[in-house]
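Each remark here refers to the structure printed beneath this line.
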Amino acid sequence: MAIDAEAVMLDEASLVLSSALQTELDEMESLVALDLFAGECPTPTPDGVARYLYDTLGFSGNRTAYYDWRNSCLDRVIATRVGIPISLSILMIEVGRRVGVNLVGVGMPAHFLVRSADDDNTFYDPFHGPGRLDRPGARHLFEQVTNGQTPWRESYLNPTSNRDIVIRMLNNLKGSFARQSDAVRFAIVMQLRAAVPELAEAEPAEIVAATAIFN
C-alpha cells in the first residue's frame, strides 16, 4: 500500500487496511454505505452530521471490547455501529465530506477528536456521542483520559493530516495484534507498515522478523 501524503482519502485508505486483514471484504459495499448515510443526513452541518451518526443511527464507542482489532476496520464499524475514537472520527469526517461539511481529525495523545475545519474552537468526541466541545472542554477530556499524567500542549488540538491518521491506525493495529499474539495478522500489518517510508526506516529488523512467516 503506497500512502501519498498529498492524496490520502480516509475512506479508501481505511478500507485498504481492512481488506488486507479480511480477504473476503468487498470495499465497495462500505463505500456505498457511506454514500447512503450521507444521502439520508438531514442537516449538512457539523452538528447535524454528529447528531445523525451518533444519535439517529446510534454509532457509539465500543467500551466492552475496546482493543478488538475489528474496531479499527471501517467496514466493521459500519456493520456493528461501534468503534474506537479514530474509526468513529473517520466515519464522521467521510460522511461530512460527502455532504459538503469540511471536518478534520485531531489526533491528540490517548484519544481522537474531530474538528470543524472552519472553526478551531469546535470539536466533537465521537466515542462519547454527538456533543460539541470547545478548546477548554477538549483539554479537560484529555486530562481525564490521561489521568493528568501527560502535560497539556495546545498543539494537541492541531489538525492531523489524513496520512498521519492512517499511520496512527497502523500503530493501533500493530499494538492490537502484538497483544493478542496473532502472528499472521501482525505480519500483514508489518507488511503495510513497510510501505510507509518512515516506518520502514524505523523498523527494518522488526518488519523482516515479522514477515518471515510468509517466506
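The values are calculated or read from the model by the stated rules, or taken from the named source; none is laboratory data. This structure is a prediction, so every number in the text was calculated from the model and none was measured. Here the Cβ is made from the backbone with ideal geometry for all residues, glycine too, and neighbour counts use every protein chain on show. For the accessible areas, the whole protein counts, side chains as well, though only heavy atoms, and no ligand, DNA or RNA atoms are used. Shrake-Rupley method; radii C 1.70, N 1.55, O 1.52, S 1.80 Å.
One table, with the values for the structure above:
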read-out: Correct option for Cα Rg over 2.2 N^0.38 Å [calculated from the coordinates] among (i) 0.93; (ii) 1.01; (iii) 1.24; value: (ii)
read-out: Sequence ranges 185-198, 147-160, ranked by mean other-Cβ count within 10 angstrom, highest first; value: 185-198, 147-160
read-out: Rounded D (µm²/s) - the stretch 78-129, Kirkwood Rh over Cα pairs, Stokes-Einstein at 10 °C, 1.306 mPa s; value: 143 µm²/s
read-out: Overall form of the stretch 49-89 per C-alpha gyration tensor (a/c, 1.5; a/b vs b/c); value: prolate
read-out: Relative contact order of the chain, defined on C-alpha pairs under 8 angstrom at six or more residues apart (%); value: 20 percent
read-out: Listed residues 184, 49, 106, most fluctuating in the chain (Gaussian network, C-alpha, under 10 Å); value: 184
read-out: Accessible-area composition of the stretch 85-195, carbon plus sulfur, in percent [1.4 Å probe]; value: 45 percent
read-out: Net charge contributed by nearby residues that have their C-beta within less than 11 Å of residue 61 (K/R +1, D/E -1); value: +1
read-out: Å² of accessible area per residue within the stretch 47-196, as computed with a 1.4 Å probe and no ligands counted; value: 42 Å²
read-out: Of all accessible heavy-atom area on the stretch 1-76, the percent that carbon and sulfur account for (1.4 Å); value: 51 percent
read-out: Total formal charge among the other residues, if their Cβ is under 13 angstrom from that of residue 150, Lys/Arg +1 and Asp/Glu -1; value: +1
read-out: Cα centroid separation - the stretch 116-146 against the stretch 148-215, whole Å; value: 25 Å
read-out: Cβ crowding within 10 Å averaged over residues, with 14-25, 92-103 ranked highest first; value: 92-103, 14-25
